[in-house]
Amino acid sequence: MNIAVLYRETSISEKPLLSRFNAIASENQVTILPFNVNALSADTRRDTLRKLETEGIKKGCVKVLLHSIARGNLKPLTGDDALTTEDIQFTTYAMSNSLLDWTRDLLAAGLFHQDTRIIGLTSEGAHKYWEGYAAVSLAKASLESLAKYMAVEFAPFGIKTNIIQAGITPTTSLKMIPGSEKLIEIGNSRNPLGRITQPEDVAKVVYLLTTDDAFWVNGALIHVDGGEHCR
């Protein structure tokens with residue numbers, strides 16, 4: 001598949017990213033369109049859809065929408081620096097509701113394929129306490145609920161919506177969570193397979209959900225954690 005990637009990076013950190021995109025595109029003989037933009041802006045959505053059409057993206061060509069926005073607040077519920085209502089609303093929009101806006105706009109533009117797969121990412125923090133994770137937990141719980149309704153209400157358009165719950169995974173976003181080192185330590189000892197989840201483990205299941213064999217998977221929450229959630 002050709003890929004359009006929306007992300008936020010500084011000019012310095014973007015250079016190696018673009019090099020990696022070019023290498024992947026060349027190796028697989030595909031096109032990767034990079035957009036260093038604010039994916040939470042309505043203006044960005046409109047501009048991006050126009051640019052996709054300018055790049056020759058035809059109606060009915062978008063087969064996969066992968067939503068993975070890690071932007072929000074990591075504050076406690078009490079104290080001088082407690083979460084505000086605005087903090088919670090912003091985090092929930094970024095990590096949950098924005099998926100609905102992107103889906104609606106792509107559908108209205110007629111860009112979705114007749115068999116489209118929408119994939120979101122959640123975490124165990126939506127179901128249990130992690131320090132400083134309250135706003136994100138609310139957002140992830142919202143995303144899981146939203147996905148169920150999207151699975152039903154967008155099904156008539158050929159859209160299947162599923163959520164992946166990855167295990168503790170060593171990413172830049174994880175490192176921003178207070179006590180992330182402890183989470184990694186616990187994950188390594190708790191996981192039945194003896195290690196924490198790696199990004200590649202999650203990527204492989206994203207791939208599986210895009211295949212023809214996953215045609216009948218809709219409204220599912222899939223654990224990709226080596227059985228970590230069982231303990």
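All of the numbers you see were taken from the coordinates with simple rules; none came from a lab. This is a predicted model, so every value here is computed, not measured. We place every Cβ from the backbone using ideal geometry, glycine too, and count neighbours over all the protein chains shown.
Given the options Ala134, Ala214, Ala94, state which has the largest fluctuation in a GNM of the chain using a 10 Å cut-off (strictly under) for Cα springs.
Ala214
Counting only pairs 8 or more places apart or on different chains, how many lysine pairs in the chain have C-alpha atoms closer than 15 Å? Intermediate results must be reported in sequence, preceding the final value.
Values: Lys51/Lys59; Lys63/Lys160; Lys75/Lys175; Lys128/Lys140; Lys140/Lys148; Lys148/Lys160.
Lysine pair count for the chain: 6.
Would you mind counting up the charge near Ser189? Only other residues with Cβ under 12 Å from its Cβ, with Lys and Arg at +1 and Asp and Glu at -1. Before the final figure, lay out the partial values.
Numbers: positive: Lys182, Arg190, Arg195, Arg231; negative: Glu185, Glu228.
Neighbour charge sum, excluding Ser189 itself: +2.
For region 201-230 and region 103-176, write down the distance between their C-alpha centroids in whole Å.
13
Could you give the length gained by full extension between Thr211 and Asp115, i.e. 0.36 nm per residue of separation minus their alpha carbon distance, to one decimal place? Walk me through the intermediate numbers first.
Numbers: separation 96, 0.36 × 96 = 34.56 nm, distance 1.03 nm.
Full extension from Thr211 to Asp115 adds 33.5 nm.
Between Lys128 and Val64, what is the label-to-label distance in nm when each label sits 7 Å out along the Cα-to-Cβ direction?
Output for this residue pair reads 3.0 nm.
Using a Gaussian network model of the chain whose springs link C-alpha atoms within less than 10 Å, name the residue from Asp213, Asp80, Asp115 with the highest mean-square fluctuation.
Taking springs between Cα atoms under 10 Å, the residue moving most is Asp80.
Got a sec? How would Met1, Met95 order by Cβ neighbour count within 10 Å, fewest to most? Kindly include the intermediate steps, with their values, before the conclusion.
Values: Met1 11, Met95 25.
In order of increasing Cβ crowding within 10 Å: Met1, Met95.
Normalised by the number of residues in the chain, what is the relative contact order in percent for Cα pairs under 8 Å and 6+ residues apart?
Relative CO of the chain lands at 17 percent.
How big is the chain in terms of Cα radius of gyration and Dmax, in angstroms?
18.1, 53
Rg (Å, one decimal) plus Dmax (Å, integer) for the alpha carbons of region 129-170?
Rg and Dmax of region 129-170, Cα atoms, are 13.2, 40 Å.
Give the calculated FRET efficiency between Asp87 and Arg20 to the nearest 0.05, with a Förster radius of 22 Å applied to their Cβ-Cβ distance.
Details: r = 33 Å, r/R0 = 1.49.
Calculated transfer efficiency: 0.10.
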